[in-house]
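Asker: Structure in C-alpha cells, see below.
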C-alpha cells in the first residue's frame, strides 16, 4: 500500500508539472514572441544599433548616476542568463523538436533584442533612489510609477523571489554537485566529489561575494563572464574546426527542418515544423529571459546618462546569450551528430557531453568548467534579483535575512532532490513574465518616445534632466 504522504507528493508533483507545461505552452510563447515582434516594429528595429550597444557597454559613463558601470550591469545580467539553458537546454530542444529548433531559438533571440532593450529603458526611466544613494529599479517600479499598479508590482516580486530560490539558486547548485559527483567524468581515476563537499564550497564562495552587495557581485561577474564565455566559445570553435566539412550540411539541415516537416536523418528523430518552432522559441525565450523581467532589475543600477544608452547596452545581453552562444551550441551539436552517427539524440545532457567528448583530452574539461562557471555565476546574478524583489515587498532591513537564506539554499540545493522545486520555480519564472509584459505593452508609447528622442535623433550623449525620486526603504 502506497503511504499517504507519497501519494500526496505524487499528486502535487503531477499538478505542478501540468501547470508548468500549461504556462510554458503556446499561449505564453505566442505572447512573448509576439511582444518581441511588436516592440521591434514600433521601435523601428533597434537591432540595427546592436554594435553601438556593444561599444557603449565597454565605455564608462563617468559623472552619471548609478552604482555599477554599464559593463558591470551587463556582466551581472549575462551571469544570470548564460547557464545550463544555453548548453544542455539547446540540446534538449533539438532532441524534442529536431534540428530546426536551432533556427527558431536564434530567431527568438534576434527579435528578443527589442524586448531586452525596452526593459532596460524602463528600468532607468522609472528607477528610484534609496536614502543611502543606491539606485533601485525593475518592472515593479515601472508598474508602480508608470502604471500605478502596485498590486501587480508586488505579484511580480513574489514570483521573482520564488524563481530566484529555485531556478536561480537551488537548481544551479544541484547541477554543479550532480556534475562533479559523476564517477569517471574527468577520467577513469576520477571517483566523483561528495555533494556535501560541493554544496559547502559553493555556499562559501557565494557568501564571500553577496555579503558585499551589488558592487561585489558586478566585480566578480565582470571578471568571470568574459572568461567563461571566451573559454566556452573557443571550445565550440574547436569542435566546429574538427567538424568543418559537416558545417554546411548542418546549416542546411537546420534551415530546412525549421520550415519543412520531414524526417531529419543523421540520427535525428525529426519533428514537425510546429514542434521545432515550439521547442526552439521556448528555449530561446527561456535562455535569454527577454520579457521575463529579471535583467532590468540590475540594469537599473547602471551608471548611465539617459535611459536609451542603458537600453542599448542591455539589448546586447540577448545578442551574446542567444544569437551567439545558443547558435554556436546548436551548430556544434547538429554537426557532431551528422559527423558521428553513433551519438545518441535521446538525452540532451548526454548529447552535449558526447559532442564535446569528440575533442581529444580537453573536450570534457571544457564542458565541465563551462557548466560550473555558468551555473555559479547564475547563482550570483539571481541573488541580486531575489534580494531586490524581497526588499520591495518587505523593506531594506530584510536583505540580510535574505542573504543568509540564500547561502543556506545554495548548500541544501546541492544535496536534495529538486524535481518538485524545479517545476515550481519553472512556474514562477513564467508567471514573472505576465506583469512585466503588461508594463512593456502599456508603456510602449513611452519607450517609443524616449527611443525617438535619444536614439533616432542622435542625442545619445545628452543627459536626462529627470532625477530619480528618493524613497523610504
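We did not get these values from a lab; they are worked out from the coordinates using the rules stated. Remember, it's a predicted structure, so these values are computed and weren't measured experimentally. Cβ coordinates were reconstructed from backbone atoms using ideal geometry, including for glycine residues, and neighbour counts include every protein chain displayed.
Asker: In degrees, nearest 10, range 0 to 90: what is the angle between the Cα axis of helix 327-339 and the longest Cα principal axis of the chain?
Answerer: That helix lies at roughly 10 degrees to the long axis.
Asker: Moving to a separate point now. Taking one equal scatterer on every alpha-carbon of region 411-470, how large is log10 of I(q)/I(0) by Debye at q = 0.27, 0.29 1/Å?
Answerer: With no solvent term, the Cα-only Debye profile gives -1.08, -1.09.
Asker: Counting only Cα atoms, I'd like the Rg/Rh figure for region 1-149, Kirkwood definition for Rh. Intermediate results must be reported in sequence, preceding the final value.
Answerer: Working: Rg = 20.2 Å, Rh = 18.9 Å.
We get a ratio of 1.07 for region 1-149.
Asker: Sorting 283, 396 on the 10 Å Cβ count, fewest up front, what's the list?
Answerer: Numbers: 283 29, 396 17.
The most exposed by this proxy come first: 396, 283.
Asker: Using the reciprocal of the averaged 1/r over all distinct C-alpha pairs, how large is the Kirkwood radius of region 22-454 in Å? Write out the running numbers ahead of the final one.
Answerer: Values: mean 1/r = 0.0465 Å⁻¹.
This gives a value of 21.5 Å.
Asker: May I ask for the distance between the Cα centers of region 379-409 and region 140-216, given as a whole number of Å?
Answerer: Each part's Cα centre sits 11 Å from the other's.
Asker: What is the spin-label model distance, in nm, from residue 362 to residue 30 if the labels are put 7 Å beyond Cα along the C-beta direction?
Answerer: Once both label points are built, they end up 4.8 nm from each other.
Asker: In what order do 382, 320, 456 fall by count of nearby beta-carbon atoms within 10 Å, going from fewest to most?
Answerer: On the way: 382 27, 320 23, 456 14.
Result, fewest neighbours first: 456, 320, 382.
Asker: Note the angle between two axes, namely the Cα long axis of helix 101-125 and the longest principal axis of the Cα atoms of the chain, as a number of degrees from 0 to 90, rounded to the nearest 10.
Answerer: Once rounded, the angle reads 20 degrees.
Asker: Taking only the alpha-carbon positions of region 199-244 and ignoring solvent, what does the Debye formula give for the base-10 log of I(q)/I(0) at q = 0.18, 0.26, 0.31, 0.34 Å⁻¹?
Answerer: One equal scatterer on each Cα of region 199-244 leads to -0.66, -0.89, -1.00, -1.04.
Asker: Would you calculate a helix-derived [θ] at 222 nm for the chain, using -39,500 (n - 2.57) for each DSSP H run of n ≥ 4 and dividing by the full residue count, to the nearest 500? Intermediate values should be presented prior to the final figure.
Answerer: On the way: 20 runs with 320 residues, N = 473.
Counting only the DSSP helices, I get -22500 deg cm²/dmol.
Asker: With 10 angstrom as the radius, rank 353, 342, 36, 131 by how many other C-beta atoms surround their C-beta, starting from the fewest. Please list the in-between numbers first.
Answerer: Numbers: 353 22, 342 7, 36 27, 131 10.
Arranged by neighbour count, lowest to highest, 353, 342, 36, 131 become 342, 131, 353, 36.
Asker: Still on this model: What do you get for the angle between helix 4-23 and the principal long axis of the chain? Use alpha-carbon atoms, 0 to 90 degrees, nearest ten.
Answerer: 70 degrees
Asker: Additional query: If R₀ is 35 angstrom, what is the calculated FRET efficiency for the pair residue 45 and residue 130, using the beta carbon separation as r and rounding to 0.05?
Answerer: On the way: r = 36 Å, r/R0 = 1.04.
According to the calculation, E is roughly 0.45.
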